[in-house]
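The values are calculated or read from the model by the stated rules, or taken from the named source; none is laboratory data. Being a predicted model, the structure only gives us computed values, none of them experimental. In this analysis, Cβ positions are derived from the backbone assuming ideal geometry, glycine residues included, and neighbour counts consider all displayed protein chains.
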Amino acid sequence: MKPPNFWNHAPDQPGLFGTLLAPLAAVSTYLGARRLAKTSSYKASVPVICIGNINIGGTGKTPTAIALAGRLISDGYVVHIVSRGYGGSHNGPVRVLPTNHTAEIVGDEPLLLAAFAPTWVSKDRAHGVRAAELDGAEIIILDDGFQNPSVHKDLSIIVADARIGFGNGRVFPAGPLREPIERGLQRADIILVIGDDASQNNFADTWQRKISVPQVTGQLSPLETGMDWQGMRVLAFAGIGHPEKFFATLRSLGADIIEAVALDDHQKLSGTLMKRLDHQAKSLNAQLVTTEKDAVRLPAHFKSQVLTVPVRLQLASWDDVDKALRRAGIIPA
């Protein structure tokens, strides 16, 4: 579901609805604080790194988890990822097997993550962490769960979308935040801001005074696959947090987007929906294109008909991340 427009107002201009909903936001903030204070945490025998956010919706957590897992794996560590498995029916803990599981069972993000590192789905995150420990994990990456206190985090990385920032700066339902910025950053070790240079500058102008932890910047860049997108007529569809970012990426590659279809985040790609999109694409003489995350939800007989645009996180520098990992004792000093 598309977020309401007033969530994106300037912080000093929350709008009528943002103001009217302020009392409910205050209740949400209070209940969240009580939950964090009352729930005891499971302390794993191996380091746990949380990749979370303060905003509701997508900010780039999954590409961040993939990038960090890849970096640690390349250094010789056995890294497992634990996810809640949003959209999947399995309560877990279960280790994701891409050859056996579907998005309907384990969720789309875990299926994508499992291509890069052993990945567990568990609605109870503590149970998922225990399962990863028993399976030999040396470092566990918790994909999301920053506001869930059931697992002790040795390092927490907050991911923010530079273009969206923190919206109007207010807590749900008055704004797009899960908790107040200041409270969230008090528990964080690093904030990673993802976006192009213009968006990074705008984020800094609007939010820099609120940032109390080391800040790292990065961009999501299309992976070089050899595909020539220049001038290709495409019907692009995406069921991610912000589909417009995917469409912008396609345009930057030179694709000619004849039709852009924005779906709900994690929306099921039913046979009926895909037949409609396929018929529409053929009538426009266009190629169906989607994201990596959407691709894992495609019905089997459509997988060969839809092109994907894989993206990878590129950091301006890993120095502050490495420093934080050393401070937390996760890698040698």
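Which one of these is aliphatic (A, V, I, L, M) and free of Cβ contacts under 8 Å to residues at least 24 places away in the same chain: V121, V106? Even if it seems obvious, please write down each step before you answer.
Working: V121 fails: free of Cβ contacts under 8 Å to residues at least 24 places away in the same chain.
One residue alone meets the criteria, V106.
Restrict the check to segment 187-200 and report whether at least one residue is of a type outside the set (D, E, K, R), touching a strand residue (DSSP E or B) at 6+ places or on another chain (Cβ under 8 Å) and at positive phi.
Yes: segment 187-200 contains one or more residues that are of a type outside the set (D, E, K, R), touching a strand residue (DSSP E or B) at 6+ places or on another chain (Cβ under 8 Å) and at positive phi.
With respect to the numbered conditions (1) within 25 Å of the chain's Cα centre (by Cα); (2) modelled with pLDDT under 95; (3) within 19 Å of P310 (Cβ to Cβ), which one is the sole condition not fulfilled by G226?
Condition (1) is where G226 drops out.
As an exercise: evaluate H101 against (1) of a type outside the set (G, A, S); (2) buried (at least 20 other Cβ atoms within 10 Å of the Cβ); (3) in contact (Cβ under 8 Å) with a residue 24 or more places away in the chain and give the number of the one condition it does not meet.
(3)
For every residue, the table says whether it meets (1) out of contact with any helix residue (DSSP H, G or I) (no Cβ under 9 Å at 6 or more places or on another chain); (2) modelled with pLDDT of 80 or more; (3) more than 15 Å from R178 (Cα to Cα); (4) not basic (K, R).
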{"site": "W7", "(1), (2), (3), (4)": "no, yes, no, yes"}
{"site": "A22", "(1), (2), (3), (4)": "yes, yes, no, yes"}
{"site": "A25", "(1), (2), (3), (4)": "no, yes, no, yes"}
{"site": "G32", "(1), (2), (3), (4)": "no, yes, no, yes"}
{"site": "T39", "(1), (2), (3), (4)": "yes, no, yes, yes"}
{"site": "I51", "(1), (2), (3), (4)": "no, yes, no, yes"}
{"site": "I54", "(1), (2), (3), (4)": "no, yes, no, yes"}
{"site": "I66", "(1), (2), (3), (4)": "no, yes, yes, yes"}
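Being assigned by TED's automatic domain parsing to the domain that holds V78 and at pLDDT 95 or above: is that true of K282 here?
Numbers: assigned by TED's automatic domain parsing to the domain that holds V78: no; at pLDDT 95 or above: yes.
For K282, the condition - assigned by TED's automatic domain parsing to the domain that holds V78 and at pLDDT 95 or above - is not met.
Just wondering, is there one or more residues in segment 114-127 that are of a type in the set (G, A, S), in contact with a His (Cβ under 9 Å, 6 or more places away or on another chain), within 26 Å of I194 (Cβ to Cβ) and modelled with pLDDT of 95 or more?
Among the residues of segment 114-127, at least one is of a type in the set (G, A, S), in contact with a His (Cβ under 9 Å, 6 or more places away or on another chain), within 26 Å of I194 (Cβ to Cβ) and modelled with pLDDT of 95 or more, which makes the answer yes.
From the list A115, A26, A44, A69, pick out the single residue that is in contact with a Pro (Cβ under 9 Å, 6 or more places away or on another chain) and among the aliphatic types (A, V, I, L, M). Quick ask: steps written out before the conclusion?
Working: A26 fails: in contact with a Pro (Cβ under 9 Å, 6 or more places away or on another chain); A44 fails: in contact with a Pro (Cβ under 9 Å, 6 or more places away or on another chain); A69 fails: in contact with a Pro (Cβ under 9 Å, 6 or more places away or on another chain).
Sole residue among the options that is in contact with a Pro (Cβ under 9 Å, 6 or more places away or on another chain) and among the aliphatic types (A, V, I, L, M): A115.
Cβ contacts < 9 Å: first residue surrounded by 17 or more Cβ atoms within 10 Å (Cβ to Cβ), restricted to segment 196-219; second residue of a type in the set (V, I, T) and in a helix (DSSP H, G or I), any location; separation 6+ or different chain. Result?
Correct list of pairs: W207/I181; I211/I181; V216/V321; G218/T64.
Are there any pairs, at least 6 apart or on different chains, whose C-beta atoms fall under 8 Å, with the first in segment 244-264 and on the phi > 0 side of the Ramachandran plot and the second in a loop (DSSP other than H, G, I, E, B) and not aliphatic (A, V, I, L, M), and if so, which?
Once the first residue is on the phi > 0 side of the Ramachandran plot and sits in segment 244-264, its partners that are in a loop (DSSP other than H, G, I, E, B) and not aliphatic (A, V, I, L, M) give G254/W229; G254/Q230; G254/G231.
Having 2 or more residues that are in contact with a Gly (Cβ under 7 Å, 6 or more places away or on another chain) and outside the structural domain of T290 (by TED's automatic domain parsing) is the bar; report the helices (runs of 4 or more DSSP H) wholly within segment 58-140 that clear it.
103-106, 108-113, 125-134
Would segment 194-210 turn up any residue that is assigned to a loop (DSSP other than H, G, I, E, B), under 20 Å from N8 (Cα atoms) and hydrophobic (A, V, I, L, M, F, W, C)?
For segment 194-210, residues assigned to a loop (DSSP other than H, G, I, E, B), under 20 Å from N8 (Cα atoms) and hydrophobic (A, V, I, L, M, F, W, C): absent.
Which residue, of G175, G169, G136, G165, is touching a residue at least 60 places away in the same chain (Cβ under 8 Å) and at positive phi?
Of the residues listed, the single one that is touching a residue at least 60 places away in the same chain (Cβ under 8 Å) and at positive phi is G169.
Condition first: charged (D, E, K, R) and either surrounded by fewer than 16 Cβ atoms within 10 Å (Cβ to Cβ) or within 23 Å of E224 (Cβ to Cβ) (or both). Now tell me which residues in segment 279-311 satisfy that.
Residues satisfying the conditions are K282, E292, K293, D294, K303.
Check A260, A248, A255, A238 and return the single one that is within 19 Å of D278 (Cβ to Cβ) and surrounded by fewer than 20 Cβ atoms within 10 Å (Cβ to Cβ).
Only one candidate qualifies: A260.
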